[in-house]
Amino acid sequence: DTGVSQDPRHKITKRGQNVTFRCDPISEHNRLYWYRQTLGQGPEFLTYFQNEAQLEKSRLLSDRFSAERPKGSFSTLEIQRTEQGDSAMYLCASSLAIDEQFFGPGTRLTVL
Amino acid sequence: LAKTTQPISMDSYEGQEVNITCSHNNIATNDYITWYQQFPSQGPRFIIQGYKTKVTNEVASLFIPADRKSSTLSLPRVSLSDTAVYYCLVGVLGSARQLTFGSGTQLTVLP
């Protein structure tokens, strides 16, 4: 399968814990995006990378959130000191330049 | 910021043509219009993108009037598997503005 993959698919954690998600984009895609989606809402943009450079961050990305894309390949999204309001589906997408985005299956986070 | 407005939900029957309209009164000159489809528990999937007039691909058509203040996604002969949420996005390609999803339109196709 050469699509976008995300790991883990599901994560349950207790409030206050740190969590890290991984995204592996389609191999030749140089752009990588992170979104958050809550029930009944559309995906909310968090941040995106062109190669290893983080080009834009949403206001939603508080100081508890950090994303990296070392070497311009896979990316990680870390949430520190999780809160119940962080419970959501975290989606990753990749694209070639500014072309259509290809989304992964998402990581569903539940904060207890 | 080009805000988009779509109907919350629509129902249709198998075999019918479905048209979903998106309003974007504040669209800017460099903005493109993009539609995505999303099934439950999956990431969105790109359907079609256009700037003006009409664009057609193997799954849908996109109609954009001259003033570009609205656009219509047309799905020919829908089937039960087309039941999904459809999102309209407006913005400059590659910008965060173009990456803003609204609440979408829940299309339900009935047998």
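A Cβ distance below 9 Å, combined with a sequence gap of six or more or placement on separate chains, defines the contacts here; from the stretch A:27-49, residues that are at the interface with chain B (Cβ under 9 Å from one of its Cβ atoms) and closer than 17 Å to A:GLY3 by Cβ reach no residue that is buried (at least 24 other Cβ atoms within 10 Å of the Cβ) and among the β-branched types (Val, Ile, Thr). Taken over the stretch A:69-102, residues that are within 14 Å of chain B (Cβ to nearest Cβ) and at pLDDT below 95 amount to 10. Only residues that are within 14 Å of another protein chain (Cβ to nearest Cβ) and either within 18 Å of A:ARG108 (Cα to Cα) or out of contact with any helix residue (DSSP H, G or I) (no Cβ under 8 Å at 6 or more places or on another chain) (or both) were counted in the stretch A:50-66, giving 8. Tell me, which residue of the stretch A:59-98 that is within 14 Å of A:TRP34 (Cα to Cα) and of a type in the set (Lys, Arg) is surrounded by the fewest Cβ atoms within 10 Å (Cβ to Cβ)? My answer is A:ARG59. Of the strands (runs of 3 or more DSSP E) lying entirely inside the stretch B:1-84, the ones with 3 or more residues being without any contact (Cβ under 8 Å) to a residue 60 or more places away in the chain are found at B:18-23, B:32-38, B:45-50, B:53-56, B:61-64, B:70-75. For the stretch B:67-96, filtered to residues that are aliphatic (A, V, I, L, M) and modelled with pLDDT under 95, the residue that is farthest from the chain's Cα centre (by Cα) is B:ALA96.
The values are calculated or read from the model by the stated rules, or taken from the named source; none is laboratory data. None of the values given here were measured: they were computed from a predicted structure. Cβ coordinates were reconstructed from backbone atoms using ideal geometry, including for glycine residues, and neighbour counts include every protein chain displayed.
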